[in-house]
Amino acid sequence: MARLNDDAQWIVLMGFIVSFSLFFLAIVLNQSTVVGQTTAEAVSEFPKDDIRGVRDIIIESVFMDDGGTYNNKTNVQHEIHLLTLSRGGAVTNFTNSTDGTYTYVEIHYNNGVTAYNESWRYP
Amino acid sequence: MVNSSAQLFTIEGIAASLIILLTAYIVVNSTSIYTPGDTHISNMQLEVTGSDALNMLNTAQNGTAVKTPLQTFVEQNDASGFRTAFLNIVNNKSGTSPDTIQFQANVTYVMAPLYTTINTSILSNSSQALHSGDHAVRVTEWVVADKTTKDFPECPGMFSACGGKHAVLVEVLLWRD
């Protein structure tokens, strides 16, 4: 049997280690593009301003007077439902109640991707 | 007798071929994304500028209980007033020349007297129309309009069926010229 030449095994081993580490670095580089893209998309698709806007006007509507010549509160709240659904592509549901001391507002917002729920209390 | 010399070379060859195969697999299998110069970054900035501008316009002076400028523009359908105020905010910058942001603003509201259909009308727009090549972002602001004064086509006067306060949505398309 021919004698196996086992010289320079360390060099071969180092070659393997270096090539594998290069390989993993390549994977990291490869994934970084995807990660950057998805993060940026998630940030720009999150309806931050939509939620803020609809939240503000819901709370404003709670303090409007109802009845009399115009049903301000009923009208505005009805219009919030309709306009968020048709122009914002989002479903909103909100109720308000008062127990003499506090006014409570429950706000629910859902555009199919992002859901937002809030319990708001005043004062 | 089987010649068993150079077994190390054989093993090395197999390992190398595995690495090459794996590399080829990852390269072929990886997602390629072609984005023209990171457009989303400038879009996000434009969006922030626009919604800040609308926010400022919808803030009453010194926090008093008067109508906000945006409320007044919407109620009186004041196209030139909105144009001046809005462009002033978004196009002002340090340096000599102003920025070149263009816009088109729509008002969406629920139509009287049944309050079941919505209608969109143009509130105001800048000097340039939106062309197909322009990449616009959309920003919105809610306004409570008191339609007892002057107003939308279907609310002809004081004390009509659609009087009182109403929620309207101001939508602005913004793009850089």
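Restrict the search to the range B:40-122; then list the trypsin sites (Lys or Arg not before Pro) that DSSP places in a loop and that have at most 11 other Cβ atoms within 10 Å of their Cβ.
Filter output for the range B:40-122: B:93.
Ordered by residue, what ³J(HN,Hα) values in Hz, to whole numbers, does the range B:43-54 give under the Karplus form 6.51 cos²θ - 1.76 cosθ + 1.60, where θ = phi - 60° and Gly and Pro are x?
5, 4, 5, 5, 5, 5, 4, x, 6, 5, 4, 5
Which of A:12, A:62, A:28 ends up with the largest GNM mean-square fluctuation for chain A, with Cα atoms connected below 10 Å?
Taking springs between Cα atoms under 10 Å, the residue moving most is A:12.
Considering Cα pairs under 8 angstrom that are at least six residues apart, work out the relative contact order of the range B:34-144 and quote it in whole percent.
26 percent
How long, wide and thick is the range B:1-110, going by the Cα atoms along their three principal axes, in whole angstroms, largest first?
103, 42, 25
With angles folded into 0 to 90 degrees, how steeply does helix A:48-62 sit against the dominant principal axis of chain A? Use alpha carbons for both and round to 10.
The answer is roughly 20 degrees.
Report the normalised scattering of the range B:46-145 as log10 I(q)/I(0) at q = 0.18 Å⁻¹, calculated by the Debye formula with identical scatterers on the alpha carbons.
-0.94
Provide a whole-number value for the mean count of partner chain Cβ atoms within 10 Å of the Cβ atoms in peptide A:26-37. Can you show the working numbers first?
Values: counts 4, 4, 0, 0, 5, 2, 0, 5, 4, 0, 3, 5.
The mean count of partner-chain Cβ atoms within 10 Å per residue comes to 3.
In degrees from 0 to 90, rounded to the nearest 10, what is the angle of the helix A:9-45 Cα long axis to the longest principal axis of chain A?
10 degrees
Grab the eigenvalues of the alpha-carbon gyration tensor for the protein assembly as shown, scale each by 5, take roots, and send me the semi-axes largest first in whole angstrom. Before the final figure, lay out each step's value.
Working: eigenvalues 775, 117, 52 Å².
Each semi-axis is the square root of five times an eigenvalue, giving 62, 24, 16 Å.
Along the range A:96-104, what does the Karplus equation 6.51 cos²θ - 1.76 cosθ + 1.60 (θ = phi - 60°) give for ³J(HN,Hα), rounded to whole Hz, x for Gly and Pro?
Running phi through 6.51 cos²θ - 1.76 cosθ + 1.60 with θ = phi - 60° gives 9, 9, 9, 10, x, 9, 10, 10, 10 Hz.
Counting every Cα pair in chain A, what percent are over 24 Å apart? Numbers along the way, then the final one.
Working: 4206 of 7503 pairs.
That fraction is 56 percent.
Normalising by the residue count of chain A, find the relative contact order in percent from Cα pairs under 8 Å and 6+ residues apart. Each step should come with its number before you reach the end.
Values: 97 pairs, mean separation 16.9, N = 123.
Here the relative contact order equals 14 percent.
Readers should treat all values here as calculations from the given coordinates under stated rules, not as data from a laboratory. Small disclaimer: the values here were computed from a predicted structure and weren't measured. Note: ideal-geometry Cβ built from the backbone for every residue, glycine included; neighbour counts use all protein chains shown.
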